[in-house]
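Right, one structure below, let's go through it.
The values are calculated or read from the model by the stated rules, or taken from the named source; none is laboratory data. Since the structure is predicted, the reported quantities are computational estimates derived from the model, not experimental observations. Backbone-built Cβ (ideal geometry, glycine too); neighbour counts: all protein chains shown. Accessible surface areas use protein heavy atoms only, side chains included; no ligands, DNA or RNA. Shrake-Rupley method; radii C 1.70, N 1.55, O 1.52, S 1.80 Å.
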Amino acid sequence: MMKPEDIQNALGDIGEDLIEEAANFGNVTKKRVLSKWKWIPAIAAILAVAIAVGMFLSPGEKTFLISAAQYPSASPYPHLQYKWGSEEYKQAALAWKEERVEKKRLFESISLDLDSFLQSTVQELLSNTNGKNTAYSPLNIYLALCMTAEITDGKSREEILDLLGVADIESMREQVNALWRSHYSNDGIYTLTLANSLWLNENVKFRKETIKQLTESYFASAFQGEMGNEEYTQALRNWLNEQTNGLLNNDVDSIHLDPDTILALVSTIYFQAKWVNKFYEKNNETFYTANGEVSCIFMKRNHHDYYYCGENFSAVKCEFDQINSGMWLILPDEGVAMESVLCDEDFHRFLKDPTAQSSIYEVDLSLPMFDFACKTDLSESLKNLGIESVFTEKADFSPLAKNTEGISLNKIEHNVRIAIDEEGCTATAYTVEYYEGMAPIDEKVTLKFDRPFFFLVTSQHNTPLFAGVVNDPTAS
Amino acid sequence: MEDSNIITLFFNRDEQAILETQKKYEKYCYSIAYRVLNNREDAEECVNDTYLTAWNVIPPQFPKSLSAFLGRITRNLSLKRYRDAHRQKRGEHTVLLSLDELAECIPASQTLQNEMQQKELSALLDTFLRMLPPEERNVFLRRYWYFDPISEIAKRFGYGESKIKMMLFRTRKKLYEKLKQEELI
C-alpha cells in the first residue's frame, strides 16, 4: 500500500537545486535588503614614543630606510585566481593548504598566553567608558609590548615580561616570531596583517644588534632621520596610512615626531573578514544608551550559532568565513551594568575559551551596525597593570644605545577603528528566550543588542584580536 | 571555503574535507536533524554520520550542490533514526503531523510495488514541484522537506499561519490530482 512515508521518502530524492532554493527562500529572496556580502574592517595602531631628556643631540642627515622587514608570504585563495580543476588551480590549492597546515603547526608550538593577557587588560581598558564607544586590540598591544621588552633591560623589562606572562626574552623572541607568522594572512578572503616599524633619531648611535633583532624577530622595518623634520614625519604618516589602509588617517595626520624624540616604535594590525552567514534584513529601531535613546538601523538574521547563557549576560558568536574566527557579542542582562560583567568571574571563565563553553542554538539575532574609532593613551592603564619603570627617568633602555640615561617612555597611544557593515537600531527592549530539553521544536534564543554590549573578535587560532564596548552605535 | 574546494578535498581523500564541511555546514545540517529528531544528542550524532556518509560517497559521487547534498543525507539519516525510535508511538510532532497531512494525497488502498515506483514517484514530485509558482513550491518544501512548523513558515514568508495552511492544503490537493492523473494512485 502506498503510504505517506513513500511521499516523504520520494521527496528526499528531488533535485538538489530545489532543496537549495528552499533553504534560502523567504529569508533572503523576499526580505532581502542588502545587495552584497558585508565585511568587517578592523584596525589598530600603536605608537610608543621614547623621548630623551638632557641628551646632547647633534645635527643629522636626511631620512631613509635602514633595514626593511621581510613580511611572511601569503598564498592567494586559489578559487579567486584560477579555474577550478586546472593544473594551476591544483598547484595553488596545494600551496594554500600547505600554508594553513604550517600555520596551525606553528601556532601549536606557541605557549604565549594571550587569553590571560586579555583577561588582565579587559577590565582596565574597557571599564569606565563614560558612555563612549571604546575598543582595543589585545594582540596589537601585546606585540608592541614585546618589542618594548626587547629595547629595555633590568626592572623595566621584568615588569613588561610579568604582564605578558613570559619567563625570558629569548623564548619570547622565538614565540612572537611564530605568533606573527601563524596569524599573518592575506589570501583575498581573510585578511589579518601585522606590521611594525622603528623611527630612529639620526643623531643617536643605536645598537645595531638590537635593531637587527627587532627587524628579524619582530618584522620591524627601521627608518632613521631628523626628528622634527616634516618630511620624516610625513614618511611615518604614509607608512601608517599604508598599513591601516587609510582608515585612521584623521588621527595619523595629528602625529608629529618632535625634535627631542629618540625613537618612535609603531605597530599595526589590519583585519578584514566576511560573515559566514549573512544578515538578511535591516530595520530602523531604537538603541537604549545610558543617557537615552538613539535611532539606528539593526541588521537581522536567524541561524544556528554558538550561544552561551551566563549568570549575568548572554553571548553569541557570529562566525567569519575562516574556520574558528568570529566575533563574540556579549549582552549584559537587563539591569546589569557593563562594569559588573567585566569583573564577573563567570565572564572571565567564559573568555578563557568561549566556544568550548557554548552550545549551538537557533538564534534570532538583531544587531546594530557600528563604525567607530577611538584613541587611548595607554600610559596610565599600563602603570595600573604594573609597568611603571619605563615611564620614569630610572628606565633601563640599555639595549637601545650606549648612553640612554634620561630616556623614558613618554607616551603610548593606541588607536582603533572597527566597523561592522550594517546599521541598526531597536524599538523594543531585548528579550532572551531559550528552551531546554526535548519538548519544543523551537529551541531558540532571541537576542536583540539594543543596549550597550561588549564584543570580542578572535582569529582562526582563537587569539583575541579586538575587544570593545559599544555604548552608542551611532557615534563614530 | 568554496564548495568546489571542499569537494576537491574529498576527492583527494584529505581529511580536511570533513573539517571544512563541519565548519560551513554543521549548523545547517543540525537544524534539519533537530527538526526531525527534536533531541540535541541524536541530532548531533546524525550530523556526524552525515560527514561520514559524505566521505564514503564522494567520490564517486560529485555533488552539484554540496549544501543540498549534505542536507539530503542528514534528512534521510534523521528520518531513519526517527522512525526506528518511534515505530510504536505517535505524537504531536512535525514529522508525524506532516505525514498525516500527506496522507490526504493517497487513497487508503494504494500501494507502492517496488523501488522503481519509488524512483518514478521522486521524478514525478520533482516535475510537479518545478511547475508550481516559486513561493508555493518553497512553502511546500519548507514543510515537507525541512519539517518547519507552520508558525516558522508563516514568519519566514511574512504571512499569517492560516494563509500558509491554506497554501499547503491547495498544493496537497494539486498533488493528489497529479498522482491520479499519472495513475500512481
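Among the residues of region B:131-154, those identified as in a helix (DSSP H, G or I), at the interface with chain A (Cβ under 9 Å from one of its Cβ atoms) and not hydroxyl-bearing (Ser, Thr, Tyr) are B:134, B:135, B:137, B:138, B:139, B:140, B:141, B:142, B:152, B:153. Taken over region A:255-288, the residue count meeting the criterion of being within 14 Å of chain B (Cβ to nearest Cβ) and part of a strand (DSSP E or B) is 5. Apart from one condition, residue B:158 fits all of (1) modelled with pLDDT of 80 or more; (2) under 22 Å from residue A:12 (Cβ atoms); the exception is (2). Answer with yes or no whether residue B:68 is facing another protein chain (nearest Cβ under 7 Å), part of a helix (DSSP H, G or I) and modelled with pLDDT under 85. No: the conditions fail for residue B:68. Can you name the residue in region B:10-33 that is free of Cβ contacts under 8 Å to residues at least 12 places away in the same chain and over 14 Å from residue A:305 (Cα atoms) and is also least open to solvent (accessible area, probe 1.4 Å) among such residues? Taking the candidates together, the pick is B:14. For the condition touching a residue at least 60 places away in the same chain (Cβ under 8 Å), open to solvent by 30 Å² or more (accessible area, probe 1.4 Å), farther than 28 Å from residue A:324 by Cβ and not polar (S, T, N, Q), residue A:388 qualifies. When region A:176-222 is filtered for residues that are open to solvent by 10 Å² or more (accessible area, probe 1.4 Å), in a strand (DSSP E or B) and hydrophobic (A, V, I, L, M, F, W, C), only A:206 remains.
In the condition set (1) within 27 Å of residue A:282 (Cα to Cα); (2) open to solvent by 20 Å² or more (accessible area, probe 1.4 Å); (3) polar (S, T, N, Q), residue A:366 is compliant with all but (2). Scanning region B:134-155 for residues that are among the basic types (Lys, Arg) and modelled with pLDDT of 85 or more yields B:137, B:142, B:143.
If residue A:167 passes every condition in (1) surrounded by 20 or more Cβ atoms within 10 Å (Cβ to Cβ); (2) touching a Leu at 6+ places or on another chain (Cβ under 8 Å) but one, which one does it miss? All conditions are met except number (1).
When residue B:162 is tested against (1) surrounded by fewer than 16 Cβ atoms within 10 Å (Cβ to Cβ); (2) among the hydroxyl-bearing types (Ser, Thr, Tyr); (3) under 23 Å from residue B:77 (Cβ atoms), only condition (3) is not met. Per this entry, residue A:140 is not counted among residues that are open to solvent by 40 Å² or more (accessible area, probe 1.4 Å) and either of a type in the set (S, T, N, Q) or assigned to a helix (DSSP H, G or I) (or both).
Among residues of region B:74-101 that are at the interface with chain A (Cβ under 8 Å from one of its Cβ atoms), those with a Cβ under 6 angstrom from a residue that is at pLDDT below 80, sequence gap 6+ or separate chain, pair up as B:99/A:4. Scanning region A:89-115 for residues that are within 18 Å of residue A:463 (Cα to Cα), out of contact with any strand residue (DSSP E or B) (no Cβ under 8 Å at 6 or more places or on another chain) and open to solvent by 40 Å² or more (accessible area, probe 1.4 Å) gives A:100, A:101, A:102, A:104, A:105, A:107, A:108, A:109, A:111, A:113. Only residues that are within 16 Å of the chain's Cα centre (by Cα) and open to solvent by 50 Å² or more (accessible area, probe 1.4 Å) were counted in region B:34-48, giving 0.
If you check B:63, B:59 for being under 21 Å from residue A:14 (Cα atoms) and surrounded by fewer than 17 Cβ atoms within 10 Å (Cβ to Cβ), only one passes: B:59.
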